[in-house]
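Q: Following this message is one structure expressed as structure tokens.
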Amino acid sequence: MTQNHVSGMETSAVTVLKRAVELDHSDRLQEALVCYQEGIQLLMDVLKAVVKDESKRGHYRQKIKGYMDRAEQIKVHVNQMKEDGKYHEQIRIAEDATGYSYEVLFKPYMSSLLTEVWVQDPYIRHIHQLYNFLRFCEMLIKAPCKVKKIHLLTSQDEANSGQQSSALAELKESLSAEGVSLDLQYSSSIHDRDIRFDNGWIIKIGRGLDIYKRPKGRFSLGYCDYDLRQCQETNVDIFHTKHTKTL
């Protein structure tokens, strides 16, 4: 392995672990835990690559131990809060903020145990909202979990129900080809927005999935990559329950 490759891995580890510490200090503990675990693995890969330099190996071992100790403390604390039903974390998304793709928001809570998802959002109606739900489904398909069923409870678009029903029917067929079923229900009275995972996580976003601003143009940054898309101000509240509540 070349020195440049090792240096690149070390840079990646430093970046991820720096993010872990920032999240840790902001009490975003589940996200911090995921970053610590990723960063530790990267540092362990670096450790394996510097077999001939004992001084560097000692340095990396010490760093790894420190981060592993902190990750274990967070894991114990998070598990205790989950057990007590007291886990609550809040992410405040500022007006015009970027870096909040669905992957960023949901990945820390998508464990390998995740198989079923409930989405309650009254505004999966207009074309950009339908695309948001499509992107959310794409994220679930790409994730390492084994999602087999997605439930959507939304309101019907009375002005253009044809566009909404045909889009969701096409998405249902596409998901079915991937072995995932889409259970679609409409309600004229729902208002609350939340996303529930059958591994116990509940994510409530003030604006639902519709948190992004319209891009400045079709060839502007953020049109395709939601990490680069500006957001509207909203709060994301994360809870955990031992008993998954269906919609």
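The values are calculated or read from the model by the stated rules, or taken from the named source; none is laboratory data. Everything numeric here is computed off the predicted structure, so don't read it as measured data. Don't worry about glycine lacking a Cβ; one is built from the backbone with ideal geometry, like all the others, and counts go over all protein chains shown. Heavy atoms of the whole protein, side chains included, go into the accessibility calculation; ligands, DNA and RNA do not. Shrake-Rupley method; radii C 1.70, N 1.55, O 1.52, S 1.80 Å.
Q: If LEU182 meets every condition in (1) assigned to a helix (DSSP H, G or I); (2) surrounded by 14 or more Cβ atoms within 10 Å (Cβ to Cβ); (3) without any contact (Cβ under 8 Å) to a residue 60 or more places away in the chain apart from one, which number is that one?
A: (1)
Q: Moving on. Could you please let me know if LEU221 is modelled with pLDDT of 95 or more and surrounded by 13 or more Cβ atoms within 10 Å (Cβ to Cβ)?
A: no
Q: With the condition kept exactly as written, say whether any residue in region 197-213 is touching a Ser or Thr at 6+ places or on another chain (Cβ under 7 Å) and farther than 17 Å from GLN120 by Cβ.
A: yes
Q: Give the number of residues within region 81-100 that are open to solvent by 60 Å² or more (accessible area, probe 1.4 Å) and either under 27 Å from ILE211 (Cβ atoms) or at pLDDT 90 or above (or both).
A: Number of matching residues: 7.
Q: Moving on to the next point. Quick test for you: out of VAL50, VAL46, VAL34, pick the one residue that is more than 29 Å from TYR109 (Cα to Cα) and surrounded by 17 or more Cβ atoms within 10 Å (Cβ to Cβ).
A: Result of the check over VAL50, VAL46, VAL34: VAL50.
Q: Looking only at region 108-134, how many residues end up being part of a loop (DSSP other than H, G, I, E, B) and either without any contact (Cβ under 8 Å) to a residue 24 or more places away in the chain or under 30 Å from ALA20 (Cβ atoms) (or both)?
A: 6
Q: Which one of the conditions (1) open to solvent by 30 Å² or more (accessible area, probe 1.4 Å); (2) modelled with pLDDT of 90 or more does ASP27 fail to meet, given that it meets all the rest?
A: Every listed condition holds for ASP27 apart from (2).
Q: Going through region 110-142 one residue at a time, which ones are farther than 20 Å from TYR223 by Cα, modelled with pLDDT of 95 or more and among the polar types (S, T, N, Q)?
A: Scanning region 110-142 gives THR115, GLN120.
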